[in-house]
Amino acid sequence: MLRLLAIHNGYEVDSLEVCVILRDWQSSQALRDQNYPPIPVLRLPVPVWPIEDTRRYLEERVRLHQEAAYGDTLPECSMEERWEKPTAYAVMKPSRKTAVRVFYNQQEAEELAAKTDGAYVQVRPGEAIRCARYCAVAKFCDQYQRELAARRSVVTELEEAQAA
Ligand code: SF4
């Protein structure tokens, strides 16, 4: 989109990149791990779209914004857009610090716990990291608030089942 803007203002742009500042970069990790960035800055190339694709994308975004502004429903954000980590169900035993096994399906975890002596299911609530920490509209967002309520009720249900 910035390339399109630049082209409309008389600049030629043949390649694109983002310059990333790694705010949680750790020098100790850089010394230990050869695959870790050696300095807290990275230059990452960005694929250059054909200009027609960029225009189509721009028009689609404008259409979505107009629908959101004047329509009744907002488009939902995808898992990818929300940087979502799903809820996990860990089968635990009192004698172990680590899980016997971790599932992303509650039923499978409960089945294994039922077959394993002394085991119980520990819920590790997932998190939409962007919603929880970075999105400026999270407290007004129906999608996120609905999900928070649903997650709270799953945890309560399991806690009640364990207490019974
Ligand atoms: S809080 Fe809502 S708008 Fe913001 S990223 Fe999450 S789902 Fe999307």
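The values are calculated or read from the model by the stated rules, or taken from the named source; none is laboratory data. Source: prediction; values computed, not measured. Cβ atoms come from the backbone with ideal geometry, glycine included; neighbour counts cover every protein chain shown.
Of these, V137, V154, which one is touching a residue at least 60 places away in the same chain (Cβ under 8 Å), closer than 29 Å to T73 by Cβ and either touching a Leu at 6+ places or on another chain (Cβ under 8 Å) or not small (G, A, S) (or both)?
On the way: V137 fails: touching a residue at least 60 places away in the same chain (Cβ under 8 Å).
Among V137, V154, only V154 is touching a residue at least 60 places away in the same chain (Cβ under 8 Å), closer than 29 Å to T73 by Cβ and either touching a Leu at 6+ places or on another chain (Cβ under 8 Å) or not small (G, A, S) (or both).
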Tell me, please, whether a residue that is more than 25 Å from the chain's Cα centre (by Cα) and at pLDDT 95 or above can be found in region 58-68.
-> yes
If we scan region 118-125, do we find a residue that is under 20 Å from the mean Cα position of the chain (by Cα) and either among the charged types (D, E, K, R) or within 16 Å of the ligand (Cβ to nearest atom) (or both)?
-> yes
Kindly provide the set of residues from region 1-50 that are of a type in the set (V, I, T) and under 30 Å from R61 (Cβ atoms), ordered by number.
-> I7, V13, V18, V20, I21, V41, V46, V48
Name the pairs: first residue in region 83-95 and over 19 Å from E108 (Cα atoms), second residue surrounded by 18 or more Cβ atoms within 10 Å (Cβ to Cβ) and not charged (D, E, K, R), Cβ to Cβ under 8 Å, at least 6 apart or on different chains?
-> W83/A128; E84/A128
